[in-house]
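The values are calculated or read from the model by the stated rules, or taken from the named source; none is laboratory data. Since the model is a prediction, treat every value here as computed from it, not as a measurement. No Cβ is skipped: glycine too gets one built from the backbone with ideal geometry, and neighbour counts run over all protein chains shown. Note: areas computed on protein heavy atoms with side chains; ligands, DNA, RNA excluded. Shrake-Rupley method; radii C 1.70, N 1.55, O 1.52, S 1.80 Å.
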Amino acid sequence: MTEKTDKMITIFLVGITFILITATALIYSEDGFIIVPLYVSLAIMLLQSKANRYAFLLGGINSLLYAGVYAYTGLYAMAAYAALVSCPLQLVTFLNWSKRPYGNATVFKKLSLKNKVILFASFVVLWLLMWAFFSLFHSAYLLFDNTVTLLGIASTVLCALSFVDYAYLQIAGVGISIVLYSQMLHTKPIQITYLIYSVYALVCSVKALGKMNRLYIEQKTEESEAAA
């Protein structure tokens, strides 16, 4: 795919997503204010698809808007994550990536097998602890809410540390979000705006993974040539 073709597809994707979110928000205007962070996220995910570190500066600020929306819709775990984890960690990510810049991105690394095992074990333990705590709020969406939240935490931490692996968790989290928002449609129709955005975010996340893997290979090649 040429750069021009990719740019045209990206413009079309952003445009159609914006139109669909706006149209569905007008139909379900009762809770229309909850889509405000989505408009900001269109730009954020576009930057992320290009592995641009400025996405995290904007994303950190936008997380506070999401926290309010999640609390309003009963997604308490995701609300706590957005305000207490996503916001500060995205700002930390921007600062860390800026310390080792590589164009608009950063110098990437990958997890070892041992670290992957530790990450998986920690995920299981934390998931059970979160289930025990947030079950007190009697949310109807606890299973997916918990899983998306913890995947978000893990991917945000790995991202802050410049690990390419964060993108795999992000893709998984967005995929589960699509299922979550689909389930919420019968009681909260306005969530169709978040469903539409999640499909867009999934495409951007896949593109981000491809971009970061290419940059990682490029960086390793340059390191090898410099050492030779």
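Points to keep in mind about this one:
- Extension reserve of the A23-I118 stretch, reckoned as 0.36 nm per residue once the Cα distance is removed: 29.8 nm
- Rounded accessible area per residue of the chain, 1.4 Å, Å²: 51 Å²
- Over the stretch 95-222: Kirkwood hydrodynamic radius from C-alpha pairwise inverse distances, Å: 16.2 Å
- Sites listed here are trypsin sites (Lys or Arg not before Pro) in the stretch 171-228 whose DSSP assignment is loop and whose Cβ has at most 12 other Cβ atoms within 10 Å, and the list is empty.
- When each full DSSP H helix of the chain is screened for a Cα extent of at least 20 Å along its own axis and an average Kyte-Doolittle hydropathy of at least -0.5, the helices passing are 3-27, 54-72, 113-134, 142-160, 166-184, 192-227.
- Correct option for volume of the Cα convex hull per residue in Å³ [calculated from the coordinates] among (1) 119; (2) 149; (3) 103: (1)
- Extending 7 Å from the Cα toward the beta-carbon at both A226 and I11 defines two label points whose distance is 3.7 nm.
- For S224, solvent-accessible area (1.4 Å; no DNA, RNA or ligand), Å²: 80 Å²
- Surface share of carbon and sulfur [accessible, 1.4 angstrom probe, percent] for the chain: 72 percent
- Between Y102 and V107, the built amide H atoms are under 5 Å apart, and every one of these is 5 or more places off in sequence or on another chain.
- Charge dipole (the chain, unit charges on Cβ, about Cα centre) - positive-most of F133, Y72, A160: A160
- Overall, the anisotropy analysis places the stretch 55-151 in the oblate class: the square-rooted eigenvalues a ≥ b ≥ c of its C-alpha gyration tensor yield a/c not less than 1.5, with a/b not exceeding b/c.
- Gaussian network model of the chain, springs between alpha carbon atoms under 10 Å - residue of L209, L185, L65 with greatest fluctuation: L185
- Heavy atoms of L58 accessible to a 1.4 Å probe, total area in Å² rounded to 10: 60 Å²
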